[in-house]
Amino acid sequence: MPHRKKPHPIADQVEALIRQGKADEAKKQLADALALEPQNADLLAAEGFLYAYSGNEERAIEDLEKAGHGPRAKRLAKLLSEYLICRQQLAAKTEKRDGFAHLHLEKIRHIAPRPLDHVGIKLSACLIVKNEEKNLARCLSSLRGVVDEIVVVDTGSTDHTIQIAERFGAKIGYFKWNKDFSAARNHSLEIATGDWALWIDADEELTSDSIAAIHRAIVRPHFGGFAIEIVNFTEDQNEAAQYVHSPIRLFRRLPEVRFTGRIHEQISPSLDAAGLPWAYLHGAKLLHYGYRPSEMIERGKINRTLEMLEREVQDDPTNSFQWFNLANAYTAADDFLNVERTARECAKLLPEGDQVGALTYQLWSNALVKLGRPAESVRVCDQADLRGFGGLLNEFERANAFLTLGLVEEGLVAANRCLALEWPAEMTGDRSIAEYKRFIVRGQLLALNGDLIEAIAMFDRALKVNHQYGPAIYSRAATLERSGKIESALEGFLAGKDIPSVGQLCLKGAGRICTRLGLPKRAAELYKEAWLRDSVDHESWIGWVQSAEAYGELSEIVEAYSSFAKQNQPTADMLINWGRALDAMGEFSRALICYKEALEREPNNANGLFNCGDLYYKLEDFELAAEMYQAGLRVEPSSANGWFVLGNALARLGVQQGAITAYRQALSLRPEYPEAIHNLELICAAA
């Protein structure tokens, strides 16, 4: 029989560490102590606690049988009895016999103090909702066969949300919205009657294979709660783009367990305060559709979230978690100046080993790259390493920063390190970085290095996971273009032209390829589409007008200039070219307006003066034509053609000697000028 039953200080420390969530440290201290005192009853009971909180109650029972009847052993017996009773309840509920629970409960009843506290496995799903008729049925359907009770607290719906909830037999509660998510959620806990609560939102659904995991959880009342992985879909059409995190969503419904925080509310602080350990529940998963761009825009979530989070950090400026949430929200809003500000502030406050530490540094370094400060981004990555927040996310951003800096060798070192790492269990962040985005950065670096075949293989690897991911589509097509595979490149660019993130680039790439293939009309169509999508992108407009000029479609040229002028101020040269196209179409009045506007901006623009003169000549206003030609020649006296057309205008005005002088000046500049020779001979013969 083990000796020495008085409390052991290491055993006390082990239990304290378990409740603080420091199981690894507890395990090390206990192993060292047991190595010195392998038969110590109190240490064995502490080891039983460690096993129980590691989900290995069977080994805990073995330790209990060795630990005798000391106070710690009795508390362990109570914990294990409650666990076994809950297993029996689950067996009855699911109509499955649990021989293990029955056998071992009988073994330890003589140790456990009586009476046992009430324990149970009744599970309440708790929701707060407002105008969720689009999502609610999907959510509640996913709870069938899992929960015993559904509680829906409405905060002001005006659609059919309540009727849908009633159809699923939900308990309905009402809460006047006061911009405090925790207050509303705590109201749902007050209405619920379960031993456990499952926190779920209407735009989420529980996966069908989560039932077994939830059953494993609710028979363990010694845990305060369980973190469940949430997969947030971040693209509208593709589920490969995922942001994952694992908050505590399943927890004991106890008076002291309450939500805190007006937004991005949490249950974990109250569990920690009550000394109730929690664990990750592997095998359970929630799918969240509310972060899809269309949903965020439709509900105005981003602005509402930013407003509430800014208020949170003002009220509690040392709360690193809310600073992180604010940085994350600004990232969703593409406000990278504020991402840099808030992530930097969060990093100052992060405790050692914080769950969101790696992601905080990734958001910070990514924002710096987006702001055109990649060298600073590299320094932030180095800081993350020093603080223990390095890893896959950090190497990805380091590689991205080096790519932006054009430091290919350094970038490839970081990209290769990134590829060698696995996505850690329970990691919070953009899991698509591990699934496919890291292949793209490495491919882009390889392309810069001239390793085009290997680069294309990287892009193909990414597209195998997410075939609609714009950066991979564009990078692959651009690399094919560089490698001379023009037709394949065109196919790739066209595949990406309707993807928002790269559509503009792909349209221009396709236009560029069509120009190389001698297809100016198709090139003009592609460049035009690019311009109409984004009239700030002047490169698209230049491609459009140049392609239209190449195949000589005057109406297309005029449309291009008209489109530009609607939102931009055309230059004098643009106005002149626009006027020339109108002139060629016979729209002389509009052409003259273009020339005059050009000359108002640049009175000494010789090209404008000569073209305006040509139009007056065509309109048989030879006097104004001559004036324009003379003004043009004062700017550009070496223009043989300018002297020639001046001669023509003077000849039509009957100023023969002036015409002769002009023709002779043209020939002095260009002796082989057939038209000038011919006209000079005619006018001299007539004289």
Checklist entry - Magnitude of the Cβ-charge dipole of the stretch 1-131, K/R +1 and D/E -1, about the Cα centre, nearest 20 debye? => result 460 debye
Item to check | Mean accessible surface per residue for the stretch 86-228, computed with a 1.4 Å probe while every protein chain stays in place, in Å² | outcome: 44 Å²
Checklist entry - Please identify the GluC sites (Glu not before Pro) of the stretch 583-678 that satisfy two criteria: DSSP loop assignment and at most 15 other Cβ atoms within 10 Å. Which are they? => result GLU620, GLU672
Item to check | Rounded to whole Å, sorted largest first: equivalent-ellipsoid semi-axes of the chain, Cα gyration tensor | outcome: 78, 27, 21
Item to check | Charge dipole of the stretch 85-167 about the Cα centre (unit charges at C-beta), most positive-ward option of THR158, PHE100, ASN135 | outcome: PHE100
Item to check | Charge dipole (the stretch 548-635, unit charges on Cβ, about Cα centre) - positive-most of ASN604, VAL558, LEU615 | outcome: ASN604
Checklist outcome for this item: In deg cm²/dmol, rounded to the nearest 500, the helical mean residue ellipticity at 222 nm of the chain, built from -39500 (n - 2.57) for every DSSP H run of length 4 or more, is -19000 deg cm²/dmol
Item to check | Accessible area, probe 1.4 Å, largest first, for residues HIS288, HIS69 | outcome: HIS69, HIS288
Checklist outcome for this item: Given unit charges at Cβ for Lys, Arg (+) and Asp, Glu (-), the dipole magnitude of the stretch 344-438 about its Cα centre in debye, nearest 20, is 280 debye
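Order these peptides, 259-272, 478-491, by their mean beta-carbon neighbour count within 10 angstrom, highest first.
Peptide ranking by packing, descending: 259-272, 478-491.
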Item to check | Computed magnitude of the charge dipole of the chain (debye, nearest 20; Cβ of K, R +1, Cβ of D, E -1) | outcome: 2300 debye
Checklist entry - Of the cross-linked pairs LYS130/LYS301; LYS28/LYS348; LYS285/LYS437; LYS464/LYS485; LYS78/LYS107, which ones have a Cα-Cα span greater than 18 Å in the structure shown? => result LYS28/LYS348; LYS285/LYS437; LYS464/LYS485
Item to check | Proximal aspartates and glutamates to LYS27, defined as alpha-carbon separation beneath 14 angstrom and excluding residues fewer than eight positions away on the same chain | outcome: ASP12, GLU15, GLU47
Next on the checklist: Among GLY283, ALA41, ASN186, which residue has its Cα furthest toward the positive end of the charge dipole of the chain, with +1 on Lys/Arg Cβ and -1 on Asp/Glu Cβ?
Outcome noted: ALA41
Item to check | Environment charge of LEU517, counting only residues whose C-beta is closer than 13 Å and scoring Lys/Arg +1, Asp/Glu -1 | outcome: +2
Checklist outcome for this item: Ranking THR661, THR161 from most to least accessible area with a 1.4 Å probe gives THR661, THR161
Next on the checklist: Whole angstrom only: what separates the Cα centroid of the stretch 533-565 from the Cα centroid of the stretch 375-390?
Outcome noted: 46 Å
Next on the checklist: Tell me the Rg and the Dmax, in Å, that the Cα atoms of the stretch 407-510 produce.
Outcome noted: 14.0, 44
Next on the checklist: Compute the distance from the alpha-carbon center of the stretch 137-187 to that of the stretch 574-619, in whole Å.
Outcome noted: 70 Å
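The values are calculated or read from the model by the stated rules, or taken from the named source; none is laboratory data. This structure is a prediction, so every number in the text was calculated from the model and none was measured. Note that we place each Cβ from the backbone using ideal geometry, even for glycine, and neighbour counts take in every protein chain shown. For accessibility, only protein heavy atoms count, side chains too; no ligands or nucleic acids. Shrake-Rupley method; radii C 1.70, N 1.55, O 1.52, S 1.80 Å.
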